[in-house]
Amino acid sequence: MTKEEIEIKDPKDVLRPRPWPVTPPATLEEAKEIYRKRGPEALDYVVWLEEILGYEKRFTKPEALTGIRVLDVGIWRLSNAFCSSLLAELGAEVIKIEPPTGDPLRYLTPFGREEYMLRDNVKGELCGLEFIHEMRNKYSVTLNLEHPEGRELFKKLIPQVDIVIENYPPGYFDQLGIGYRQLSKINPRLIYCWIGILGQWGPMKDRVSKFGQWMLEPFGQVACSFVHNTGYPPDFLPRGSGGDPTRSGAYIADLVAGEQAAVNILAALWYRDEVSGKGQFIEVTAAEALMEILDFDISWYAFNRSIKARTGSWDPNLNQYAWNPCKDGYMMIGGQSDRLWYRIGMCISRDFPQFERLISEDPLLKEMAARNALEALIKTYTLTTMWLRNITRDQAEEKLMEYEIAAGPLQYLDEVAEYYHFKYRKYIDIIEDEYYGPILYCTPPLAYQHRTPARVKWLGRPLGIDNEHIYSKYLGIGPTQLRELKEKGII
Amino acid sequence: MREKVKPEIKFEDIPGPEELELEKMPFEEYCRKIFDPKKTFEKPEALKGIRWLSCTMYIFTPHSVSNLAELGAECIKIEMPRVGDPMRHTSPFNEAYLYPLHDTRPLTGTGLGFMNANLNEYFITLDYHRPEAREIVYNLVRMSDGLTECYRPGTFYRWGIGYKQLMEINPRFIYVWGGGFGYGPKVFGGSYDILGQAQGGLASITGFHEDFGGHPVKHTNWVIDWYSGTMITVGILAALYWRRKTGLGTMIEFSQVHCSTRACGYGIPLYGRFGIVRQRWGNWDTQLCVHGIIRTGKSDYPDDPNPQLREEARYVMVSAFQDQDFRELCYVIGRPDLWEKYKTHKERLKPEAQMEIYGALEQWAADKTRSEVVEILTNAGLLAMPVMNDKEVYECQHFRERGTIRWIEDPIFGDVLVQGGFSVGMLSETPRRVRWVWRPVGADNIRVYHELLGYPISKIKEWYEKGII
Amino acid sequence: MTLTEIIWCKYCNTVNYLDPYTFWNWKGKVKCAGCDRVYYVHIIQGFYYEGPKEMPPGEPYDIMPLYADKPLDGYERFRPGTPGKTRPYTCLPREIYLGKADVVKFSIRGRPVRGWAPQPPSSGLAGSQGFKWDIEKLAPDVWKEYQVKLRKGEVREW
């Protein structure tokens, strides 16, 4: 590795690509040593698995959704982008139709810092990383749907596509004449999916502000009681320092809605091609998708009027199941069953004998269900943290893994990028994109399949770069006509 | 010659067939009609004819199958005899259980933690360790489209029912393995949702910033379990679709910790290209301002005995990031100077600006209740919403009308509330539905072993006595 | 090794648990739950910078522990919110805290739900069950109570 000297006069001077990986990942031989520890059968099997599922082989295999064509007309939110990413990674052809000024998500960047945006090498336009990370395998086409001729072009595309995903305020597309009611007349096989925050109908349906501002995540998290139930109790941290209902750091309701939309779209696709020959109208909302996976919280209220409360980084349903502060960060330890409970005791007591005594002798903590009581959680985690205070995450992980306890360090994103297992298996990879250069990104979790793995072919796309390609391919519009349309403001 | 003038007949006034009515009615009414929650059970199911085996535990892998079950697939859950899925023993503060679990354990119930992961499924028991189990599994596999399992890699293989063996038995079979890590040095590591949140990076971006005295906080639900489970379902449906063309099954190996990193958005490219490690930013947003959750002075229910209502019902989500909205917000809270100072979005987004703006907002709200704040902002045309709690979600007319919150009469357990379920996929032709929340351990042993697989009752009795099922 | 996170009061042999997040960076005086002794601690990033230092009796204190127990007395417990001994835990899901299985026979809208044990045996061979909870047969008292509720109009749609 070559050394380079830099003079730091400005924070921007340290904005340089980081080498990745810093240390090379383990080799197959080193991994085999670990597989071997569980016996020759385990070794055989996992090695065979690596052969048939290996990430490196993904481009040598077919794609599951080849031949499916998707139009993603949504803007602003991550839900439609994530949904079409999932479909695109699995092989569908996804055309992202953006207004001529682009999807507003392109221009978002953390703290407004343009130095965190990437410039493409064709048009020289800046694009935010959130947009680029989610713009996987999709074509970027501009089209002005506010213009009647733009809508005509849109309608001409409809007979040639299978799926339309949109997220405009309720009824907007219907009003413009390109809603499900109208498009299904043109193409009865069309599957039309609307992904929003609260809904297209109902007393609290999606709305825009007086000035036309859209409703974005985390309204979804707020409406389904996720935010109310997340965070530290004021008994642990003061309000304003974390003892408040807290939102997720990610736009989680959007992501959950996006993937449920993908599930519903694929189910509708299956139904169309197996049974009915017809498409349908699908509605998915962020609030409802997150509510479905909010464990049992609303059902608990309906059971005995309990309103779920915040428990910080602890879980009220299992013990041990939390992370607690340790010497160099936070360490997560999990283990609910008796077997794991006593193993945790054995592990910690090697360094801290009092733990075993105070835990094992206590009649309150004998029965698994009883360990979920609040006082049991307080005692257990207080004692666990006494041990954690003196060791680092690495040390704790090593000790706990010896006892086969599910434990993991709380990692920041640079540590995630360097974690030995993730490097081996390529949770994170670098793609050499044709327009943006090398980008570090998170690979699709569905990339490990025997026959049709998901894959990322390109990441990010300059605005409208595929206009010529797509319009010529689907609508026979040549470059001259395209220029005219652009001048009229239709493209 | 005078012409007779025919009165003009408007199209909207002509009575027509129902399809025409659907064309003419206002959009909201149209949506209410085609997504009508009352008509759910009159409509067909998307995945009718698919049979799936759920050899799963906890939430992650079961949820990948319960999505299929909500869509109409026939799913069979296989549990350990008498004990069942360990998730049955989770319950908030040990307080909420439904009974029975199994007649041999009359005092043990199934905790509400088991909810939503195994809906609509048929529950059987089987002890895979016994030699008889192998042939039983083969028979089930021949009759099914796929299975999902979550055991340590190599375990099913050792038992003779790994992908390598099942591929031969049923070439159309789709085999799904879900776990923490997948192949690689940590392949045998156990995993939980909370481990995924911690190790994948999602926890490092959630919670209040260190400089404010905050710590990373756990999402209240087992989000990595649930959200990864659904992503597996996407893979399953894609594999099913591909199988129509080729007739081939496949294996999907899925790591849930991977999904945690996937949710981190711009954090990874930001580190790779610029070396910046994304930190927590509390209840504010890193990319939009104003777009965050503020604390108001008074709760909406100051006298309620329940502390969640009395103390906690006082947070509001406010969103006014476009220039005009932000200007209006500044005037509403009596701080036009903030508008003068931060006229562009870029200016407002700076961390110091955000601290000043949200500080001003909370100062303005400090003498008001939550509903007052929401009312004032909404009347000004801005977007604001109270942070709702479980009771308010239950009482929300919006969710009731849409069928998101729905009481069902569970056949075994009685009156239970379903959250989400039906509405997580409103499909106009093949809506999702929930029939029952779960069933006791082994409730469908006869139904599956005798009625589906054809084993005689005496055999099933023998197995039960020997502890094989 | 200095025992952080707990204060084991030698006078009454009560172990006072100082919960990890509250006391991560904390300075002040903690009262023992089992007796009236007060201890001064100054904790920085989880480690004792100072203390636990015993204060003279009668010293005013800043905080009480959330939970304490007595290992030498069969683990007698001082649950959160015991007046004079432990500070209350306010962030509870409702005004009642049980810490054990609740007995629920009717949902909040007044219809029977099977939330209590023991239930009479109801399965067939190998645990098999049908699709009906025969309330009249298996829980006749709940059935009777339900009829009374229906008559009184206490059973609601929501």
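The values are calculated or read from the model by the stated rules, or taken from the named source; none is laboratory data. The shown structure was predicted, so the numbers you read here are calculated from the model rather than taken from an experiment. Every residue, glycine among them, receives a Cβ derived from its backbone with ideal geometry; neighbour counts consider all protein chains shown.
The set of residues in the range A:364-405 being part of a helix (DSSP H, G or I) and touching a His at 6+ places or on another chain (Cβ under 7 Å) consists of A:Ala369 alone. Of all residues being at the interface with another protein chain (Cβ under 7 Å from one of its Cβ atoms) and either surrounded by fewer than 20 Cβ atoms within 10 Å (Cβ to Cβ) or among the polar types (S, T, N, Q) (or both) in the range B:390-399, which is nearest to the chain's Cα centre (by Cα)? Just the residue, please. Ranking the qualifying residues of the range B:390-399, first place goes to B:His398.
Only a single criterion out of (1) away from chain C (no Cβ under 11 Å); (2) without any contact (Cβ under 8 Å) to a residue 40 or more places away in the chain is not satisfied by A:Glu375, namely (1).
One residue stands out in the range A:268-289 among those that are in contact with an Asp or Glu (Cβ under 9 Å, 6 or more places away or on another chain) and in a helix (DSSP H, G or I): the one that is farthest from the other protein chains (Cβ to nearest Cβ), namely A:Ala286.
Among the residues of the range B:81-115, just one is among the small types (Gly, Ala, Ser), more than 9 Å from chain C (Cβ to nearest Cβ) and part of a loop (DSSP other than H, G, I, E, B), namely B:Gly84.
For the range A:311-321, the candidate set comprises residues that are within 7 Å of chain B (Cβ to nearest Cβ) and within 24 Å of the chain's Cα centre (by Cα); within that set, the residue that is nearest to C:Ala101 (Cα to Cα) is A:Asp315.
Number of residues in the range A:243-293 that are without any contact (Cβ under 8 Å) to a residue 60 or more places away in the chain, acidic (Asp, Glu) and surrounded by 24 or more Cβ atoms within 10 Å (Cβ to Cβ) equals 2. Assess whether A:Met368 counts as being at pLDDT below 95, closer than 25 Å to B:Val83 by Cβ and more than 32 Å from the chain's Cα centre (by Cα). Here the answer is yes, as A:Met368 does meet what is asked.
The set of residues from the range C:92-114 being surrounded by 17 or more Cβ atoms within 10 Å (Cβ to Cβ), touching a Gly at 6+ places or on another chain (Cβ under 9 Å) and among the β-branched types (Val, Ile, Thr) comprises C:Val104, C:Val113. Criterion first (more than 7 Å from every other protein chain (Cβ to nearest Cβ), out of contact with any Gly (no Cβ under 7 Å at 6 or more places or on another chain), over 26 Å from B:Ala203 (Cβ atoms) and without any contact (Cβ under 8 Å) to a residue 12 or more places away in the chain) does B:Asp303 satisfy it? The answer is yes for B:Asp303.
Those helices (runs of 4 or more DSSP H) of the range B:212-284 in which 2 or more residues are at pLDDT 95 or above and either farther than 30 Å from A:Pro325 by Cα or basic (Lys, Arg) (or both) occupy B:223-246. Taking the conditions exactly as written (modelled with pLDDT under 95, over 30 Å from B:Arg172 (Cβ atoms) and touching a helix residue (DSSP H, G or I) at 6+ places or on another chain (Cβ under 8 Å)), does A:Leu410 satisfy them or not? No, not satisfied. Annotation note: of B:Leu361, B:Leu383, the sole residue that is among the hydrophobic types (A, V, I, L, M, F, W, C) and more than 10 Å from every other protein chain (Cβ to nearest Cβ) is B:Leu361. Residue-level check: of (1) over 22 Å from A:Ala287 (Cβ atoms); (2) more than 7 Å from chain A (Cβ to nearest Cβ); (3) touching a residue at least 12 places away in the same chain (Cβ under 8 Å), B:Glu429 misses just (2). Taken over the range C:101-126, the criterion of being among the small types (Gly, Ala, Ser), more than 21 Å from B:Pro92 (Cα to Cα) and touching a helix residue (DSSP H, G or I) at 6+ places or on another chain (Cβ under 8 Å) is satisfied by C:Gly110, C:Ser122, C:Gly124, C:Ala126. Residues of the range A:203-238 that are facing chain B (nearest Cβ under 7 Å), under 25 Å from B:Glu29 (Cβ atoms) and touching a residue at least 12 places away in the same chain (Cβ under 8 Å): A:Met204, A:Met215, A:Phe219, A:Ala223. If you go through the range A:85-125 and keep only what is in a helix (DSSP H, G or I), closer than 16 Å to B:Leu288 by Cα and more than 11 Å from chain B (Cβ to nearest Cβ), you end up with just A:Arg106. Exactly one residue among B:Thr378, B:Thr369 is within 10 Å of chain A (Cβ to nearest Cβ) and closer than 13 Å to B:Val316 by Cα, and that residue is B:Thr378.
Scanning the range A:334-363 for residues that are among the charged types (D, E, K, R), within 10 Å of another protein chain (Cβ to nearest Cβ) and not in a loop (DSSP other than H, G, I, E, B) gives a single hit, A:Arg357. Across the range C:87-118, the qualifying residues are those that are farther than 27 Å from B:Ile405 by Cβ and facing chain B (nearest Cβ under 7 Å), and the one among them that is nearest to the chain's Cα centre (by Cα) is C:Gly99. Is it fair to say B:Ile293 is more than 30 Å from A:Pro62 (Cα to Cα), in a strand (DSSP E or B) and at pLDDT 95 or above? Criteria met by B:Ile293.
Only residues that are outside any helix (DSSP H, G or I) and touching a helix residue (DSSP H, G or I) at 6+ places or on another chain (Cβ under 8 Å) were counted in the range A:442-491, giving 19.
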